[in-house]
Each structure stands twice: as structure tokens, then as C-alpha cells.
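Data first, discussion second: the structure below is written as C-alpha cells.
No lab work stands behind these numbers, since they all come straight from the coordinates. Being a predicted model, the structure only gives us computed values, none of them experimental. For neighbour counting, all protein chains shown are included, and Cβ atoms are generated from backbone atoms with ideal geometry for every residue, glycine included.
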Amino acid sequence: MTKQTVLLLAGCLLFTPALAEELTVRIQITDGTGPVTGALVFTQDSSRAAPIQTEVVQKDRMFHPHVLIIPTGSKVDFPNRDNTQHHVYSFSPAKPFNLELYAGKPEAPVVFDQPGIVELGCNIHDHMQAFIVVADTRAIGQTNEQGEVSLLLDFGSAPAPGALDLNIWHPRLPDNTKPVIREIDVTSLAGVSATSIPIELDPEPRHDGPLDHLQKRFQEL
Amino acid sequence: MGRLANRIGFRGRLVTAMVALVALVSLLIGALLMVYLFEDEKSRALEQLTIAERLTNEVIARRTDLELSRLNVVVRDFGFRSAIASRDPATLSSALENHSGRAGADFALLLDQRGELLASTLRRDLPDIAPSQLTNARQNGSGRSLLAIDQRGYEVLTVPVEAPGLRAWLVAGFELDQDLADIIARLSGSSIIFRTSADSPSGFTSFAASSDINSAMDPALLQSAGGHNFIESARYFTRTLNLGASGQGAFEAILMISREASLQNYYSRALEIALLVAAIMVFATVLALLVARYLGRPVLQLAQYARAVGQGLNPHAPNIRTGGELLQLRDTLRDTLAQLSRREAEIRHAATHDEVTGLGNRNALMHMATEGFRTGQPCSLIGLRVNDLSDINDTLGIEFGDKVLLGLSQRLRDELSDAHHIARTGGGEFLALLPACSPEALDQRAKDLHASAESPLNVDSTPFSLRTTLISMRLPNDASNTNELRRRVNLTFEQAVQQGSAITLYEPGQDENHLRELKLISDLHSAIRNNGLHMNYQPKLDNHTGKLLQLEALVRWIHPELGFISPEEFIFLAEQSGQIHELTDHILQRVADDARAWFHEGLDVGVAINLSAMDLTRPGLAERVARTFAGWHHSMDRITLEVTESALMDDPVEAMATLNRLRDLGVTLSVDDFGTGYSSLSQLRKLPVQELKIDKSFVLKLNAEPQDQLIVKSTIDMAHGLGLKVVAEGIENLETWKLLQSWGCNVGQGFFLSRPVSRADLMQTAASLLERQHELADMSQEHS
């Protein structure tokens, strides 16, 4: 298997010594020549996000969205919009749950009360996968197509630390059950410079649709 | 070698050559096949090993895939994942045992994400699972390694348990056991041994083998070092297959094919080939025999044909189916036969036919006669001779003569149309064999034929008359074989010529005389040589005084078988056979010797010797006489040579010359048998003779026959008138003696005086004559 080394280029494009500081990070695959899109980057600051209620829809035997970011304590519904039943489960320590075969909308939403990565699966459709990232902080973002993401850091009254642990997660991390943690020197981010930290990323799986065309047609009947 | 080749013959050689060729080719092919087969078996075994190698790889790969699939099912099992998620050790262990059992694993381990052991079905320390192995497995979806545990080899597979993120690792071991080995062995047809260098620093240890191998029995398989692709083994073709290595050591599979089994195949093939070669050779031999028979038969047929031709048969040419040279040979033989037959017919025709007349020749006639004698069939024979053919040829030419003969032969054909055979047996001699008939009828036919043959013949438009002599014989009375026939025909012809008769019948006995003469002629020769002749002497007395004057030598021949042979007969035969000169010389010599002898004994007489007519034509006679009587004790005129009158008349000129020469010697010449021949007195007058000897036919009965008396007296007178002395022989009585005495005859001779006496009795005879001299002497003169 090929290994790809993704260089996380974390550069403080802008550092504001005020209450809210913005940290912009670019994540690139150095040898893969290209930015990593959709990587999740967050750090533990003093900000807290308010719980929300949202949903992960099962449609066309896929979870939508594939990656859901919610604050701790949020409630998530798992409505089934397929004509087959689904058995949604998670064995992640952050939130193990088990919604046995059902159609339509389950009676109650699932409350994610601990931060962490929650992998979702369907017991009768192995290919169905989705991730819910439960975060305490608002300093969280996903890299854009250029592999860049900007985080607003809020340390409150406390002084800004010299070093900062950056949590980086991607569905294709070799161990995607938890984020990789990279410590970056924040003081050095005063200038417009970047540091690179190599992390491994699994190669992108072949882009077979979960259903082929005929199956889709069959489903729609 | 050559003799052997001759003995086995063409067919044998053909068969030998073909069988040898087939044997050579089959053995060569057989040997090549064996070599190729051996190589083929070997390369087949090696090929099979190559296939087995690929097959082993494939079987193991498929087994691995299958095991992975099972493990993947296991790790996706919700219950299993639930059990892992529970983190309860007892639950984990029991679920692991249960689910690994589902996958058919021989052992299973469960590790957490970091590789720490969560649960195990093994009761011993866990085998060493390298972290890198997990990393690889994470990247590839699964990991595979080989491990040796407790002298057993395992394929160890590592699969992640994802839910859906990585929750744990499932490590499952599947033993490389005898079942696998048997499957591979069954599919590949070779035996297999799994071995590893793990746990055994010195070499390899086998941990599984297909059930047909007792690995303990061949330790060489285990001891041989790795790294070599082949393991030398006396019993197997082998190939070593590297299955992979772990940290412990290398794992190998050894594929083996029994040499014995492969070569067993080879040996059975070899036996089959040997049988095939043998069968081919038998078949080839039979085929060769058939072919040789087929090829040889025409040759034998031709040989028989040629033999039959050689034996003079006229066989049909054999029908030869094969074309080409043999047919050509057959045709050549046939043509040769035809030419031979034609030539033989020509030769036979030439041998049996006369070319001038087309009649048979002597051979043919004799052949016919032989046949007749053999069968005893009686028949008649007529012979014809043209009397003067040589004259015709000389005067009119041979061509004309041939035409005469041709015309004559046609007449013979016409006249003797019933003849068995007509042949020209000599120049002018024809013989014809006719059906048997009575002597009268035969004589009549001969007469008719004679008349026909002598009637004028038209030759070249010229009438021509022949003179012929005919003979006739009756067979087998007159001759019982061809020799007799030939002899008697000649004899009869000679007789006919002598007799001058136109038609002569053979008279029985003639031939016997002839044979006697032949015998005498041949015996005379030896008698002359061996003193077989006797000399007798008859006294000749002076007719006047009765005194013994001369002895006439008379030759006598007592034949040992035939007794007394008359001098006339054997002298005639001597003349006929050309021995007369020899005989004369012999007599001259005997007489000369005897005369000398009696002279020495005191007998004083001359000699008289008879000469043959043929002696007179012999030029050397005078010399002979001179030589014989050289140193003669008397005057030569006391030797009287007597010559017959007829001898003088045959060739007067030559006789005259001889007589003159003799006369010159001084001998007395006398005309013997005077009065019986046709003496010409004019001739007599010219002859140098001194004496006439009156033939005894005039003297024998002189005393009683007045005519004889007249003749004798006249002759004496005439002789005296011519100056010749007169001798009278055949004086039988005193009366005659006295008559002659009275007529003045000079000398007398005869039985009255003395018979011829032998040399031994001569003295006694002379003595008795001396006593009678007085009686014989002319008394009248004495008295007068």
C-alpha cells in the first residue's frame, strides 16, 4: 500500500493578541501534491459552543452528511429516507449507541454528551459510514479546497499559551477513531511563516458509488 | 561366406537383408524412443513439478483468500464487534474462541489498536506479532505471515476489526497441515513436504507432508540445505518452493515425484516398445518371406523355364505378373528359345538332309534304320548309284551334275512314293527304305526303278541318260544293325560293279567273307612282322637229267584261328591292302637267308621266287632284290623271279622298265602261268624274260589230253624259237614227265617230283630226288 505523507503546513497567517485570535492553517499532501480537503482541525481553547439539534439522514444507503461536527451535548436524529430499514450503531467510546432496524425516524434523538469522534455504521450495510465529531470548542474548522482552514481562538482572560495542541482528523487517517495531535509553537506564529508536520493518510478509496446505476434504478422503482 | 551366400540363395539373401534392415531400423527407433522416452519422462516429471509449484502457490493463495474472507466475515459480525466493544475479558475470550472456530482457525488472538493482547485461544505465550506487521495489515487490509509453533507450521493472518474505525486486530493461525498437503498432492500428482528452518538452526524440519510420504524414511530430504532449488535424491525428482519467511526462518515446500513411479512408466513403455519391435520384426520377416517368395517365384519359374529349354523341351514361357527386368528376361529367354529352336531345326535339317536334293542324308537314313532295327519292323532297302557321276561333273559341270541329281531324286520320290525314307547317302548314291515286301516284288520294284532312273532325263531342255547300279536288301534279314547295313550296302554295290549287273541282291554270307578278309588283312601284318609265315620249297628238276636245279619258294600261312590260308587268298588281300611290297620283301629276305643256309649245308641249288603283279609297278624292287641278294654265292642267274602273264599285261610299260632293271641285275625272269592270260605275243617278244612257265592246267592231265599235248608241245617249240627256256609245272605222273622230256621241255615241277617241303625237310627231299635221278633222267639220250 502506498503511503502518503501529508504535510500539515500550519502557518499563522494572522495573529491577533486580542481576545479573539484567528489562526489559519493549511494542510497539504506534500508528496501527493495537493491540499487535503475536508480535514478537520480543532484545538482546545476556552470557548464553548452551545448544543444544537440536527440530523444525519440515511438516503441512498449513505449517511448525509458524511462528517458532522456538533458541539458537546447536541442531539442528533437519524431519519431513514430509504425504502430499506437501517441498523445504525456506534461502538465509539465517545458515544456507543445502537438503533436497531428501523424505518422512518427513530423515536428519540441521540444525545452526544462527550467530545470525541463517533463512527457511525449500518449493521446491514457495511459500506455505510459516517463520522460525528463532537467538540467542546468553537475553534474547529474544515480545510477548504486549498487545504486551508481558519480557526478563531478564544483564550478568554487567560494569556495565550506559547504552545498549542492542534487536533487534526480526517476520515482517511490510518486510525480515524481519534484525531492526531500536533503541538505547534504559537509564539513563532507571529510572522507569516509555516511549519510542516508529517502525518499519514490512507489513500483515497476507489470512487465506486455505493450503488451502481442499475441498483439505483431498482431502488427508485 | 560366398558358399554360404550361394547356399542361401537369392531369396534367402533378400529375406536376410530385409530382416536385418528392419531389425536395424526398429532397434534404432526403439533405442531412440527409449532415450527420448527417458528424457521425456524426466522432463515430464520436471514439468509436472513446475506445474505443481504453480499449483501449490495457487492453492495456498486461494486458501489464504478463503481464510481472509472468513475472517472478514467474522470481524464484521455485529455480535463479535459488540463483544469487542464491551471490553469484558471473559466475553472477549469466549467470543474469540467461538468466532475463530467459525472461521476454522487453529488459533486466534485479539489485539487492541496498539497491538496489546486482548484475548487468546492459545494456552502458551503469544507468538511474536511485529508492529510493522500490523501497520502493513492496516495499510493492506490484512496481513499474512508464517509461524512455527510447537513443531507445526501456521499461516498467520491479521485482519483489522473496524467498527467502522479500527477497534482491534484479529490474528488467526491456520495450520499448514497434512490435509493441505494431501489436497496439493492430489491435485498436482506429486508429493509434498512442508518444512521450516525455524527452531532448528542446523537445517530444516518438516512439519507436514502429504500422506503418501513417510518423511522419516528419507532423512536426506530434510537434511539438505536450503537455497538449492533441487534436492538431490536417489528416489525422487524434487523441487523446493519458498513459501516465505518469518523472523523465525524460511518456510519451504518440497515437491517430489517418485523417480521409481516415473521410470516404472518408462520401463513399461520400454517393454511395450520391445514387444512392438519384436512384433515388427516378426511381421517384417513374414513380409520379407512373402515378398521374397513373390519376387523369387518368377526367378524360379524362369530357372525352370531355362532348364526345360536346356532339356530340349518346348515349354510355354511362364506368366510373369511383375513387369520390368524379369519380364524382359522372360522375353529374352523366350526369344532365345525361339532362335535356338529355329537354329536347331536348321542344324537338324542340315544334319539330316541333303542340300542338293532335299532328301535325307546318310545320318537320317541310318537313324531311320536304327529305329527300324529297334522296333524289329521288317522293311526293304533299295540302293541306287549313278555310275559315272564324277564324269558328268567333270565334263558337264557340277551345277549340271546337281541338276541331274535333283531330277533323279524327283524320280525316286515319284517311283518310291511309299518309301519310309529316301536319302542321298553319297555323291551319287541313294538309299530308300521301303515297306517290307517279298523278294520278287522287291526285285520288280528295283527293275521299275532302274528303268525309270535310266530313262532320259530332261536337264536344261537336254535329254540326258544315266547309267545306274541298283542293289536291294531285306531288313532285318540281310542286316540287323546299321554297321552291317552300311558295310553290306557297300559290299553289294562293289559286287554289283564288279559283276556289272544292273540290279544286285545282297546274298547272305558275303559280308562274313568280307569280315574274314578284313581279319586276315589285319593279321597278315603281324604275321609278316613276327615270322608267322612259313616258307615251303618245291623242287624244280632238269627235265632232261632229273637233277635238282632250283627250289621254288612258296609262302604258307597257318593262321592261329582260321588255320591254313591259301596263298592266293592272302596274297590277293595283301595286294588289296597295300601290304604286298612288305610281303615280297619279307619273302625275298627269308629265301635269301634259307638259300645261304642250305648252301652252307652243301645243297647247291638256285631259287625261284614269285612276284606279284604289283611288285612290277614298284620302282625300288630291283634295288631291293640287289640289296637282299648282295654277296650271292652263285651267279645271279640262278635266282629266278616268276611273274604272272596277267601282271605283265596290266601295265606293260612300267613292268617292262622294272623287268629291265631286274634283268640288269642278272637274275633270270620267268613268265608264270603262261597260257591262262591274254598274252600278247608281240609283247612277249619284247619282254626281257628267259623262261616261260606253262600253266599247270595244261600239264596236270597232259598224258591223257591230246589238246593239252598239242598246246604244250607248240608252246615249247615257240618258246624255244624265241630263245626262252620252258618250265612245266603240275607234273603228276611219270608219263607226263616223260612226254615233256621228249618234247624238250627244260625244267619240270610237280607233285610227281616233289611236293613243296619245309625248310627242315629240304635235305631229305634233295637226297631222295638224287636217288630218283636215275629213274627221271632221259634214258633215250643216255642211250643214244
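Counting Cβ atoms of other protein chains within 10 Å of each Cβ in A:125-134 and taking the mean gives 1. Altogether, the Stokes-Einstein calculation at 10 °C and 1.306 mPa s, with the Kirkwood radius of the range B:600-656 over Cα pairs as Rh, returns a diffusion coefficient of 125 µm²/s. Treating only the Cα positions of the range B:353-507 as identical point scatterers, give the base-10 log of I(q)/I(0) from the Debye formula at each q in 0.12, 0.17, 0.19, 0.20 Å⁻¹. Reported log10 I(q)/I(0), two decimals: -0.46, -0.94, -1.17, -1.30.
Other residues whose C-beta falls under 11 angstrom from the C-beta of B:F80 contribute a net charge of +3, scoring Lys and Arg +1 and Asp and Glu -1. Pairs of alpha carbons in the range A:59-146 separated by more than 23 Å make up 22% of all such pairs. Dipole of the protein assembly as shown computed with +1 at Lys/Arg Cβ and -1 at Asp/Glu Cβ about the Cα centre; of B:L776, B:S210, A:H66, farthest Cα towards the positive end is A:H66. Counting Cβ atoms of other protein chains within 10 Å of each residue's Cβ and taking the mean over peptide B:136-144 gives 2. Each other residue within a Cβ distance under 11 Å of B:A168 adds +1 if Lys or Arg and -1 if Asp or Glu, for a net charge of +1. Note on the protein assembly as shown: with charges restricted to the Cβ of Lys and Arg (+1) and Asp and Glu (-1), its dipole about the Cα centre is near 1540 debye.
Any chance you could give the angle, 0 to 90 degrees and rounded to 10, that helix B:362-375 forms with the longest Cα principal axis of chain B? The two axes meet at around 80 degrees. Which of rounded, prolate, oblate describes the range B:517-778, given a ≥ b ≥ c as roots of the alpha-carbon gyration tensor eigenvalues and a/c under 1.5 marking rounded, otherwise prolate only if a/b is larger than b/c? Rounded, because the longest to shortest axis ratio a/c is under 1.5. Residue pairs exceeding 29 angstrom between C-alpha atoms, taken from B:K519/B:K725; B:K540/B:K701; B:K547/B:K696; B:K686/B:K738; B:K519/B:K686; B:K693/B:K738: B:K519/B:K725; B:K686/B:K738; B:K519/B:K686. Out of every Cα-Cα pair in the range B:1-147, what percent are more than 20 Å apart? Every Cα pair in the range B:1-147 considered, those over 20 Å come to 69 percent.
Look at the dipole of the protein assembly as shown built from charges on Cβ: of B:S455, B:N265, A:Q28, the Cα furthest out on the positive end belongs to A:Q28.
Rounded to the nearest 10 degrees, the angle from helix B:439-454 to the longest Cα principal axis of chain B is 90 degrees. When the GluC sites (Glu not before Pro) in the range B:512-578 are filtered for DSSP coil states and for at most 13 other beta-carbon atoms within 10 Å of their beta-carbon, the remaining sites are B:E561. Note on B:V286 and B:Q690: the extension gain reaches 134.4 nm, defined as 0.36 nm multiplied by sequence separation minus the Cα-Cα distance. Applying D = kT/(6 pi eta Rh) to the range B:121-205, where Rh is the Kirkwood radius over alpha-carbon pairs, T corresponds to 20 °C and eta to 1.002 mPa s, the Stokes-Einstein value obtained is 145 µm²/s.
Restricting the calculation to Cα atoms, chain B shows an Rg/Rh of 1.71 when the hydrodynamic-style radius is the Kirkwood one. Compared with the dominant principal axis of the Cα atoms in chain B, helix B:706-722 is inclined by about 90°. The charge dipole of the range B:38-280, taken about the Cα centre with unit charges on the Cβ atoms of Lys, Arg (+1) and Asp, Glu (-1), comes to about 520 debye, rounded to the nearest 20. In the P(r) worked out for the range B:682-760, what percent of Cα pairs fall beyond 22 Å? When every Cα pair of the range B:682-760 is considered, 24 percent fall beyond 22 Å.
Among the residues of A:89-99, the average count of other protein chain beta-carbon atoms within 10 Å of the residue beta-carbon is 3.
Which of B:A90, A:F112, B:G606 sits closest to the plus end of the dipole of the protein assembly as shown, meaning its Cα is farthest towards the positive end, when Lys and Arg get +1 and Asp and Glu get -1 on the C-beta? The Cα lying farthest towards the positive end belongs to A:F112.
Sorted from longest to shortest, the spans of the Cα atoms of the protein assembly as shown along the three principal axes equal 251, 73, 55 Å.
Per-peptide packing, taken as the mean over residues of other Cβ atoms within 10 Å, places B:271-284, B:466-479 in the sequence B:466-479, B:271-284 from highest down.
Charged side chains reduced to their Cβ positions (Lys and Arg at +1, Asp and Glu at -1) give chain B a dipole of some 3900 debye around its Cα centre. Entry note, chain B: the mean residue ellipticity at 222 nm calculated from DSSP H runs of n ≥ 4, each adding -39500 (n - 2.57), is -18000 deg cm²/dmol after division by the residues and rounding to the nearest 500. Across chain B, the relative contact order, built from alpha-carbon pairs under 8 Å that are at least six residues apart, equals 7 percent.
Its relative contact order, with pairs defined as Cα atoms under 8 Å and 6+ residues apart, puts the range B:38-280 at 18 percent.
Of the trypsin sites (Lys or Arg not before Pro) found in the range A:23-116, the ones in coil according to DSSP and having at most 15 other Cβ atoms within 10 Å of their Cβ are A:R48, A:R81. Neighbours of B:G360, meaning other residues whose beta-carbon lies under 10 angstrom from its beta-carbon, give a summed charge of +1 when Lys and Arg score +1 and Asp and Glu score -1.
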